[in-house]
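Here the structure is laid out as structure tokens; the discussion comes afterwards.
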Amino acid sequence: MEKALEVTQLSISFGGLKAVSDMALTVNKGEIVALIGPNGAGKTTFFNCVTGLYRPNTGSVKLHHPERGEVELKGLPPHSITSLGLARTFQNIRLFSKMTVLENVMMGMHSRTKAGIFSALAASRSAKQEEQQIVDESYELLEFLNLHKLYKANAKSLPYGDQRRLEIARALAARPLVLLLDEPAAGMNPQETQELKELVYQIRDRFKLSVLLIEHDMSMVMSLSDRVYVMEYGSPIADGKPAEVSRNPAVIKAYLGEEYHA
Amino acid sequence: MYLIKRSLLVSIWFVFLTLPLLAVKVDTTNETLIWRWENMLYVGVISFVLYMIWMLALRWRSRQRRSEEVAQPRLTNFYGNITDNKLIVSLFNISLLSILVVLPLLSSGYQINIWTTSLIYVIIGLGLNIVVGFAGQLVLGYAAFYAVGAYTFGLLYQNFGVGFWVALPCGAAIAGLFGVLVSLPVIRLRGDYLAIVTLGFGEITRLVLENWIEVTNGPGGISNIPRPALFNIELSDTATAIWVYYIVLFLMLVAFISLLRLKNSRVGRSWIAVSEDETASEVMGINTTWAKLTAFALSAVWAGIAGVLFATKTRFINPDSFTFMDSAMFLCIVVLGGMGSVYGMLLGAFAIALLPEYLRAFSEYRMLMFGAAMTLMMIFRPQGLIPPKVRRYRISKLMGKEAQS
């Protein structure tokens, strides 16, 4: 199978604390991969390293770009990483709260468009066309996520679940090769979680991308993902098919404690 | 009822507090005490009324907040409706512009001077709005860029005899360069730290101008700065004042239109995104360093232009025109007008420039009134007099549908 994202030997420490050490992970094309682990295992830190918000001390993050081949992402600033094809959502929703729903999605298209100051000042034809294209494409994305009726509303006025989906729409606007979702189902009820699962499948099929997600909802992880990675104290302890991982004694120990070790 | 009870309590408390000050007076010649009870009545009534108004205003505010939270579409109010009507907006623009065009022809020289200052303040407000209102970076030393523009013209004239039309682009460019130079070290700073560094930069610039006597002539300043030329035609004093006014008006229009265009562009959106959440915008593919740098540079360019205009208007510059007070006043224009709002700058600048002129009677209390006005503003209308307008988007798909139905 063709690889989409390949992380090897990734480590980062803050002072004396080794937050992530020797983490390795591969996401194949069209695959949905879950990253699980107890609270504080370093999952979000790992995401931050991959997307460039933190600078990992060692290791490499390689993205397989259809035109550019294999690109090393480590050391690049976050905005370059996004334009190369990695987009993410945040665990604690980070929408632009003063902007409307539509404008939030438009922000996601920033890396794919290029009108600069001078074309904006001159109000050139190409800048106007690009602007209209941004608006229309963003609206289509909202339609896909069934948020289009609310496009004029303030982003922060949306119900919680819609805000999460809006963040996904904003990330999709960057047309990523790999979509990173940080706890997309957090705070959702079972029905919403079910819908989210369907949505992830739809996203993968429509945009032909790979998904890497952090999740706590076990039933979702087990039924949704093709493969699962488990982290504990910043290190990988297991990986494989969901069924294999859920039988792995090390995983059971990490989640349930020593005495349940059967 | 609660309101009256509270107000009554407050007024009694005030009466008690001011009793020894305002009611008791010692008559030193007769060595007797004079009781001025009528003063107490005034204090009581005034504090009662003022407190009541204060409480009512606070209630009105909290009601407003609540209704804002409930209302989903932000544009259902009257203001939103009229600003969406293209005809009304263009009528408003045309009438405003024609007033501004006709104004100097009807006023005295003194008044033309005031109007010119107000328009320069509008340019400053617009320029500062780029970095404060759009990009959300608190700059407390904006007068420094203004000074760079003014002194560029002054020094170029003094040393090389350069005229206004050459100095204008030079002032803009050098101020822009300063903007870039200052922004390079401060770009990584956020919030308070940035404010302090820009404050320091403003003071350093002023001190350099004051103390580098060989070059800037220190506190003595530079005088006899030429007026802009008009094809070598000799103009009378009033005519030159009008000519300067029109140049300023034209440049203000350029600033105004360019800000309107920038605001609704990809670049403007990236500035606003940076001001809201730097991490999220970085992850959305915005080069935040570049965004802040361009905001700083562009903002400084407009300050430079305003500085050149100021120099040619007053014909004399010295460091006293570029103090921290001026920076603070420029910030007031932006806050008063509405951060991120373009039309608001007109109102903000005119308020800041004109009120002190027309309130000369209260000149002793000017700063006091200024402070009180800003405080009230922050409590009751933090978004400014004219908050930024929410943009309406034309979605091609929906346009088709609407045309059919």
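No value in this document is a laboratory result; all are computed from the given coordinates. Nothing here was measured: the structure is a model prediction, and the numbers come from that model. Backbone-built Cβ (ideal geometry, glycine too); neighbour counts: all protein chains shown.
Table for the structure above
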quantity: Backbone N under 12 Å from the A:ASN248 label point (7 Å along Cα→Cβ), restricted to segment A:10-24; calculated: A:24
quantity: Extension gain (nm, one decimal) between B:LEU355 and B:LEU181, 0.36 nm per residue minus Cα-Cα; calculated: 59.1 nm
quantity: Protection proxy ranking, peptides A:14-22, B:143-151, average beta carbon neighbours within 10 Å, highest first; calculated: B:143-151, A:14-22
quantity: Residue-averaged 222 nm ellipticity for chain A, from DSSP H runs of 4+ at -39500 (n - 2.57), nearest 500; calculated: -11500 deg cm²/dmol
quantity: Extension gain, A:GLN91 back to A:ASP22 (0.36 nm per residue minus Cα-Cα distance, nm); calculated: 22.5 nm
quantity: Reach of A:LYS208 by Cα under 19 Å, taken over lysines that are not fewer than 8 positions away in the same chain; calculated: A:LYS3, A:LYS29, A:LYS62, A:LYS197
quantity: Tilt relative to chain A, helix A:160-173 - C-alpha long axis, 0 to 90 degrees, to 10; calculated: 70
quantity: Simple spin-label estimate for B:ARG65 and A:SER223 in nanometres, 7 Å along Cα-Cβ; calculated: 4.3
quantity: Mean separation of Cα contacts under 8 Å (6+ apart) over length of chain B, as relative contact order %; calculated: 25
quantity: FRET efficiency, B:ILE213 to A:LYS29 (Cβ-Cβ, R0 56 Å, nearest 0.05); calculated: 0.20
quantity: Value of [θ]222 nm, deg cm²/dmol, for chain B, DSSP H segments ≥ 4, -39500 (n - 2.57) each, nearest 500; calculated: -24000 deg cm²/dmol
quantity: Size of charge dipole - chain A - debye, nearest 20, with Cβ of Lys, Arg +1 and Asp, Glu -1, no other charges; calculated: 700
quantity: Å³ per residue enclosed by the Cα convex hull of chain A; calculated: 143
quantity: Shape of segment B:178-262, Cα gyration tensor, a/c cut at 1.5; calculated: oblate
quantity: Least to most buried among A:SER223, A:SER246, B:SER275 (fewest other Cβ within 10 Å first); calculated: A:SER223, A:SER246, B:SER275
quantity: Neighbour-count ranking [beta-carbon atoms within 10 angstrom, fewest first] of B:TRP13, B:TRP302; calculated: B:TRP13, B:TRP302
quantity: Given charges at Cβ of Lys, Arg, Asp, Glu: chain B dipole, positive-most of B:TRP115, B:GLY384, B:GLY371; calculated: B:GLY384
quantity: Fewest-first ranking of B:LYS5, A:LYS152, B:LYS25, using other Cβ atoms within 10 Å as the exposure measure; calculated: B:LYS5, B:LYS25, A:LYS152
quantity: Inter-probe distance in nm under a simple model that places probes 7 Å from Cα toward Cβ, at B:GLN383 and B:VAL24; calculated: 5.2
quantity: Peptides ranked, highest mean first, by Cβ atoms within 10 Å: ranges B:132-140, A:86-94; calculated: B:132-140, A:86-94
quantity: Unit charges on C-beta of K, R, D, E only; dipole of the protein assembly as shown, Debye; calculated: 1240
quantity: Cβ-Cβ FRET estimate between A:ARG55 and B:MET399, R0 fixed at 60 Å, reported to 0.05; calculated: 0.85
quantity: Separation of the B:TYR365 and B:LEU235 label points, Cα + 7 Å toward Cβ, nm; calculated: 4.0
